[in-house]
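Data first, discussion second: the structure below is written as structure tokens.
The values are calculated or read from the model by the stated rules, or taken from the named source; none is laboratory data. None of these values were measured; they are calculated from a predicted model. All Cβ positions, glycine included, derive from the backbone under ideal geometry; neighbour counts span all protein chains shown.
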Amino acid sequence: MPLNVLLVTKGHPFDYNGFYAIFDENPELNTTVVEQPAAQIILRPEFVKDYDAVVFYDMWGTEMDGKAHFPEPPAHYIETIEALLESGVGMVLLNHATVQWPAWPRWREITGTSFMLEEGELNGETVPGSGYRGGGGEPERNATHRLTPVDPNHPVAKGLEDGFEITDELYIKTAGFEDDPDILPLFRSDYDFSPANFNPPPLASADEQANWNHPKGSNLITWAKRTGNSPIVATESGDGPAAYANPAFRQFLENAIRWVASDEAKAWAQD
């Protein structure tokens, strides 16, 4: 049965035609698109109740025009997100959506990521800003790597039990975040997450970039996270056209949406 999906975008450039084709060309996904900041109204539970899942592909709360400015979300949006988590709606977070709202610690709790846009405190420790490879600014540096499911029997890995190859942007982030008992590892990469393979954080000063030294990063690219009553799948994959057109990535995305919308996933989140 087709799923009703609410898709949230804006705040980060992307190839519109390529990205939306993922949804337009899949008859199993009946998708409605809403952009920020209008999404802050449409995401209210009374408007979301007819959707099976919400997919976030936005990057809001990161105003970086010359100098970085990280505003906190308005109080009404905080209330909306908390209400969604209470209601148990399933969510899928793609690529840059995992790192939005850096001034709002709750979003990091929701996603589970250890990615830092700049040096700062993470779980009581000071850690360096995270790095990246490829992306919209330098797609020629996108990495080709293989993603392998941690548990081939998990529903998100259906049809992808042997893993798949993808060419995409990659992040280097602090390892160990997956030790959180509310995180379920789903896909790991075979890429070498050594700092020499990545660029320093884009917000780092010239001095910081020259002296940037990140420990070897985590190879966990995709995971499930339970926050409140909601099952969440977060993935760093899905940055550009090569990923959008990848049949395996499209299969993964449908699997993830279908799983977070399922009674099984909701029971897991509420356990």
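For (1) touching a Gly at 6+ places or on another chain (Cβ under 6 Å); (2) assigned to a helix (DSSP H, G or I), each residue gets a yes or a no:
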residue: F193; (1), (2): yes, no
residue: P201; (1), (2): yes, no
residue: T222; (1), (2): no, no
residue: R258; (1), (2): no, yes
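For segment 224-253, name all the residues that are hydroxyl-bearing (S, T, Y) and either farther than 30 Å from G88 by Cβ or part of a strand (DSSP E or B) (or both).
Listed by number, the residues that qualify are T227, S230, T235.
Where residues in segment 142-162 are among the hydrophobic types (A, V, I, L, M, F, W, C) and assigned to a loop (DSSP other than H, G, I, E, B), which of them is surrounded by the fewest Cβ atoms within 10 Å (Cβ to Cβ)?
Here the answer is V150.
Any residue in segment 95-109 that is in a loop (DSSP other than H, G, I, E, B) sitting within a Cβ distance under 6 Å of a residue that is surrounded by fewer than 18 Cβ atoms within 10 Å (Cβ to Cβ) and charged (D, E, K, R)? List the pairs, counting only those 6 or more apart or interchain.
Note: pairs meeting the criteria are A103/E72; W104/E72.
For every residue, the table says whether it meets (1) surrounded by fewer than 18 Cβ atoms within 10 Å (Cβ to Cβ); (2) in a loop (DSSP other than H, G, I, E, B).
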{"site": "A175", "(1), (2)": "yes, yes"}
{"site": "P181", "(1), (2)": "yes, yes"}
{"site": "A196", "(1), (2)": "yes, no"}
{"site": "A204", "(1), (2)": "no, yes"}
{"site": "Q209", "(1), (2)": "yes, no"}
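Identify the single condition in (1) surrounded by fewer than 19 Cβ atoms within 10 Å (Cβ to Cβ); (2) of a type outside the set (D, E); (3) within 21 Å of R226 (Cβ to Cβ); (4) modelled with pLDDT of 95 or more that A75 does not satisfy, given that it satisfies every other one.
All conditions are met except number (3).
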